[in-house]
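Where a number appears in this text, it was derived from the coordinates with a stated rule and is not lab data. Nothing here was measured: the structure is a model prediction, and the numbers come from that model. Ideal geometry is used to build each Cβ from the backbone, glycine not excepted, and the neighbour counts take in all protein chains shown.
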C-alpha cells in the first residue's frame with residue numbers, strides 16, 4: 001500500500017488539492033506501477049509558524065507588508081486535455097470496445113443535463129448516444145499505453161479493424177484501430 005505525503009503551506013483550494021491528488025496518482029500508476037485503488041495521498045497543511053528553513057521560521061522569511069496593490073489579472077492558460085464526449089451509435093458495443101478490449105476504467109459521474117445516457121472513463125473520454133453522422137467529427141483520439149504488442153494481438157484476435165498495424169511512430173510503437181463507430185484510435189507506447 002503506497003503512501004505519498006505532501007507537506008505544503010496553507011492556502012490551496014480544495015480544487016487545487018483535487019488536481020494535485022489526481023496528478024500524483026497518475027504519476028505513481030504510470031512510473032511506479034502502483035495500483036490507484038491502493039494508493040494513498042496525504043496532504044498536510046503546515047502553518048508557516050511551524051515550518052523552518054535556513055534557521056528561520058516561514059513567517060520570518062516573509063517580506064514586510066507592502067501596500068496592497070490592485071490585483072493583477074493572470075493571462076489564460078490551457079492545462080491540457082480534460083475530457084471528450086464521444087457520440088456513438090451503440091452504447092453497449094462501444095463500452096465493450098473501450099472497457100473490455102482496451103481496458104479503460106469506468107468512473108462515476110453526474111448524469112448529462114439533457115438526460116442522455118452516458119458512460120464515463122477515467123482515461124478522459126465518455127460515451128453517449130446520438131452519433132456519429134456520415135462525416136466523422138474527429139480525426140483520431142490518441143492514448144499513451146503500455147504493453148502495445150499484447151494489446152495489438154488482443155485487438156487483432158477480436159477482429160478489430162486496423163487503419164495501421166504495429167509500427168514505429170513518432171511517439172513510439174504505435175497502432176491505429178477503429179472503434180465500433182469507425183473513429184480512429186491511436187495507441188502508442190513510448191520508448192523506455
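Once both labels are positioned 7 Å from their Cα atoms along Cα-to-Cβ, the gap between residue 164 and residue 70 label points is 5.2 nm.
Can you compute the modelled spin-label distance between residue 43 and residue 89, with each label point 7 Å from Cα toward Cβ, in nm? Each label point lies 7 Å from its Cα, and together they span 4.5 nm.
If R0 is 30 Å, the Cβ-Cβ spacing of residue 24 and residue 60 corresponds to a FRET efficiency of close to 0.50.
If you stretched the chain out fully between residue 138 and residue 51, how much longer would it get, using 0.36 nm times the residue separation minus the C-alpha to C-alpha distance?
Using 0.36 nm per residue and subtracting the Cα-Cα distance, I get 26.3 nm.
Modelled label positions at residue 34 and residue 190, each set 7 Å beyond Cα in the direction of Cβ, lie 1.8 nm from each other.
Remark: C-alpha extents of the chain on the principal axes read 67, 40, 31 Å, sorted largest to smallest.
How high is the relative contact order of the range 3-61, given as a whole-number percent (alpha carbon pairs under 8 Å, six or more residues apart)?
On the way: 52 pairs, mean separation 26.3, N = 59.
Worked out over the range 3-61, it gives 45 percent.
A Gaussian network model of the chain, with springs between Cα atoms under 10 Å, assigns the largest mean-square fluctuation among 38, 140, 83 to 38. Within the chain, DSSP assigns beta bridges of which about 50% are antiparallel (rounded to the nearest 5). Helix 14-32 and the long axis of the chain differ in direction by around 60°, with both axes built from C-alpha atoms.
Can you put 24, 185, 170, 42 in order, fewest other beta carbons within 10 Å first?
Values: 24 15, 185 21, 170 6, 42 10.
With the fewest neighbours first, 24, 185, 170, 42 line up as 170, 42, 24, 185.
For the chain, the longest principal axis of the Cα atoms and the long axis of helix 148-157 meet at an angle of about 30 degrees. As a rough footprinting exposure proxy, the listed residues 74, 17 were ranked by other beta carbons within 10 Å of their own, and the order from fewest upward is 74, 17. Taking every alpha-carbon pair under 8 Å whose residues sit at least 6 apart, the chain reaches a relative contact order of 15 percent. If you look at the Cα atoms of the range 84-189, you get an Rg and a Dmax of 13.8, 43 Å. For the range 84-189, DSSP calls about 60 percent of its internal beta bridges antiparallel. Per residue, the convex hull spanned by the Cα atoms of the range 3-61 amounts to 95 cubic angstrom.
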